[in-house]
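Below: one structure, written as structure tokens.
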Amino acid sequence: MGVTVLSWPSDSELDNIRKIVAEMAGVAVDVVRIVVSPYRICPLGAHIDHQGGTVSAMTVDKGIILGFVPSGDPQVLLKSGQFSGQVSFRVDQIQLPKHIDKSNGNSLEECKWGSYAKGALYALQRGGNHLKQGITGFICGTKGLDSSGLSSSAAVGVAYLLALESANNLSISPTENIEYDRLIENEYLGLKNGILDQSAILLSSYGCLTFMDCKTKKHKLIHPPKLEMEKKCETKIPYKILLAFSGLKQALTTNPGYNRRVSECREAAKILLKASGKEVEPILSNVEQEEYEAHKSKLEPDLARRAEHYFSENMRVIKGLEAWGSGNFEEFGKLISASGLSSIENYECGCEPLIQLYEILIRTPGVYGARFSGAGFRGCCVAFVKAEYAEEASLFVKKEYLKVQPHLASYLSQETAVVICDAGDCARII
């Protein structure tokens, strides 16, 4: 099989981080270890992972880089490329969820980014691991892409898990780390999101679409046929991924919209299951398609729309896997755009700037399809575009977005307002 050369992280990025960590720890550059944890996109399967739905995802060649060395004692010392200050704690201290431990974090700045490192320790302790070795580390994300709806929080959590496991010689499978990162997000931080983000980051493979059944936790990688045909030479993928940014940044934990939608889905499931005579956990994956069709008239309008998004999105995922596996990117794109429309009309997420970005993208030359990325209340839209149209499409989106949102567009750097990406790989230590 031909070797695929990944563009991220670059040698200069790695060299810079190694130098910073070596200086922090007083060690040689060549002993510094590096975790790369990519950001993810969800072309199909949006907002349904918390209901045990089927999802598709892949990573991009942007994300989190964490350079570290084992500290030789239980002390953890961390600095960030994005935030000021430093985070310091010990791995032999028992971590409690943030809503229980009110002393967690010494300052607002630390709360912003130090929580995920402590959450990783909490998750590993909950799994019965007794850590003795801390880390000295420096973490940074791709410039301009934090708080962008690309699961940067899950990428950070995964990075800390891999670093702490490496420092303590723990052998943990990707599947176990999916559960550990879920503990960080659900138990430690109090979010109600599912396991899509962690699964994509830990299970993806370059050029493949990762399919996951969030109820059974089973996954598989879908290879497009073009990759199969080019195994003996360097793979050239016929599409690029566009990330178009709105200029809106708001952390998921401060916006009640996401948790409210989760509760509405559960309420819809409860009504449908009761009507079907079933006493099981109230999530929509426990409702059969026939039961939904038979009893959906019992749902009030808001709940009916949430359920409609769930069942139609599940169907789009299945059709999308077929399209990807046959190399039909035109059909795959149409399904992504239909998913985006359902997010607006049925899941009722996305504010005006994101809706406008979505509408611009679906009429952009060369774009196969587009939708929101992330929870839909901030951040960016993602689009698949024909590789040869990527630059032209990028310029078109910037120009059109400036017309409808001049104020927000003025906050965006011309370099990062629209980012052209390639497919990424899984989180790993390099």
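What pairs can you find where one residue is in the stretch 113-136 and within 13 Å of residue 168 (Cβ to Cβ) and in contact (Cβ under 8 Å) with a residue 12 or more places away in the chain, the other is crowded, with 24+ Cβ neighbours inside 10 Å and small (Gly, Ala, Ser), and their Cβ atoms are less than 8 Å apart, with a gap of 6+ or different chains?
As it stands, the answer is 120/157; 135/163, since those pairs meet every condition given.
Quick one: which of 127, 85 is open to solvent by 10 Å² or more (accessible area, probe 1.4 Å), of a type outside the set (Ser, Thr, Tyr) and modelled with pLDDT under 95?
Of 127, 85, the one residue that is open to solvent by 10 Å² or more (accessible area, probe 1.4 Å), of a type outside the set (Ser, Thr, Tyr) and modelled with pLDDT under 95 is 85.
Considering only the stretch 295-331, state which residues are under 21 Å from residue 207 (Cβ atoms) and in a loop (DSSP other than H, G, I, E, B).
Those that are under 21 Å from residue 207 (Cβ atoms) and in a loop (DSSP other than H, G, I, E, B): 326, 327, 328.
Return the total of residues in the stretch 390-430 being free of Cβ contacts under 8 Å to residues at least 40 places away in the same chain and under 21 Å from residue 366 (Cβ atoms).
9
A quick yes/no check of all residues on (1) surrounded by 14 or more Cβ atoms within 10 Å (Cβ to Cβ); (2) under 16 Å from the mean Cα position of the chain (by Cα):
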position: 380; (1), (2): yes, yes
position: 395; (1), (2): no, no
position: 407; (1), (2): no, no
position: 410; (1), (2): no, no
position: 415; (1), (2): no, no
position: 418; (1), (2): yes, no
position: 423; (1), (2): yes, yes
position: 426; (1), (2): yes, yes
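Does residue 334 meet the test of being more than 18 Å from residue 245 (Cα to Cα) and not in a loop (DSSP other than H, G, I, E, B)?
Yes, satisfied.
So in the stretch 26-68, with the set limited to residues that are farther than 19 Å from residue 162 by Cα, of a type in the set (A, V, I, L, M) and not in a strand (DSSP E or B), which one is modelled with the lowest pLDDT?
Taking the candidates together, the pick is 46.
The values are calculated or read from the model by the stated rules, or taken from the named source; none is laboratory data. Being a predicted model, the structure only gives us computed values, none of them experimental. Note: ideal-geometry Cβ built from the backbone for every residue, glycine included; neighbour counts use all protein chains shown. All accessible areas refer to the heavy atoms of the entire protein, side chains included, with ligands and DNA or RNA removed. Shrake-Rupley method; radii C 1.70, N 1.55, O 1.52, S 1.80 Å.
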